[in-house]
1. For the ranges 43-50, 137-144, what's the packing order if you count other beta-carbon atoms within 10 Å of each residue, average per peptide, and put the highest first?
2. Which percent of the Cα-Cα distances in region 1-131 go past 27 Å?
3. Expressed in nm to one decimal, what extension gain is obtained for the pair residue 5 and residue 26 from 0.36 nm per residue of sequence separation less their Cα-Cα distance?
4. Taking the Cα atoms of region 64-129, report the difference between the largest and smallest coordinate on each principal axis, in whole Å and largest first.
5. Roughly how many nanometres apart are two label points built 7 Å out from the Cα toward the Cβ at residue 67 and residue 111?
6. On a full-extension model of 0.36 nm per residue, what is the gain between residue 42 and residue 180, subtracting their alpha-carbon distance, rounded to one decimal in nm?
7. Within 10 Å of each candidate Cβ there may be at most 16 other Cβ atoms; applying that plus a DSSP loop requirement, which trypsin sites (Lys or Arg not before Pro) in region 44-84 survive?
Amino acid sequence: MRSRRAYLAKRGMTADALDGLAQLWRRVRRRDVFPVDPLRHMLAIVGCRPSLCSPDPLRRLIADNLDYRQLQDATVPLHLITTNMHTREQVCLSTGDIVPAVLASAAVPAVFPAVQLDGMLLCDGGLAATGGISRAVALGADEVYLLPAGYACAPLCPLSVSPLDFTQAGELIGRAYQETSTWLDERGDRLPHPERFLSPHDHGPMLPAAAARPAWPRLRRKMVLPGWRSVPAASGHTITDPHSRRNNT
């Protein structure tokens, strides 16, 4: 998800940019993101490696497909949310080298290793809170769309293929486009609490007839947006307090 934001931040949300991103995802295979290495996996389980997967394939994927190298050079302002593993506080990266910044924001603990950056050990920003929303609001956004990056079956619930089967990306992209277009055409985003359609959920036992019907109304569990604190800025990257408009470098 973070690499997609970085890709679109330079190219914008044009039809050509979105088509290019879709083509990229159709080419990507699981080994390009989650390489299988049984020896590393075993060493990680016993604590001799920092993560199950090496970050090198993902680093290459990011570097090969982004045509800019500094966060501040993005056409659309780009702010990546990470978590300081020592303090459990969120860190917003707005300037500096884009490759380690994207790697840090994508570093799900145990799956990928945390990234050492500006004297901090940074990992996936979702661990601390949903601070990306607070950051967007602080920058003046009056309409925010929260995408279900962690739950691959929404809105395609239930899935007939594994989300880890990257060869099915074309099918999933096509289905997601059709389902989302229908939902927007029916003004689903204007219903009360539209986030409930994309929130974490469970399927439970479903009869075949029920499984064939659109699943979105079954989704439940309203999302909670807890508060968070910023940390003092360090050199190299800009760290921004979401509750003010000041940038400290």
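Laboratory data are not the source of any read-out in this text; all were calculated from the coordinates shown. Because the structure is predicted, anything quoted here is derived from the model rather than measured. Every residue, glycine among them, receives a Cβ derived from its backbone with ideal geometry; neighbour counts consider all protein chains shown.
1. Per-residue Cβ counts within 10 Å, averaged per peptide and sorted highest first, yield 43-50, 137-144.
2. Counting every Cα pair in region 1-131, those more than 27 Å apart make up 20 percent.
3. 5.9 nm
4. 31, 21, 20
5. Taking the two extended label points, one gets 2.9 nm.
6. On the way: separation 138, 0.36 × 138 = 49.68 nm, distance 4.02 nm.
Contour length minus the Cα-Cα distance gives 45.7 nm.
7. Passing both the DSSP loop test and the Cβ count: 69.
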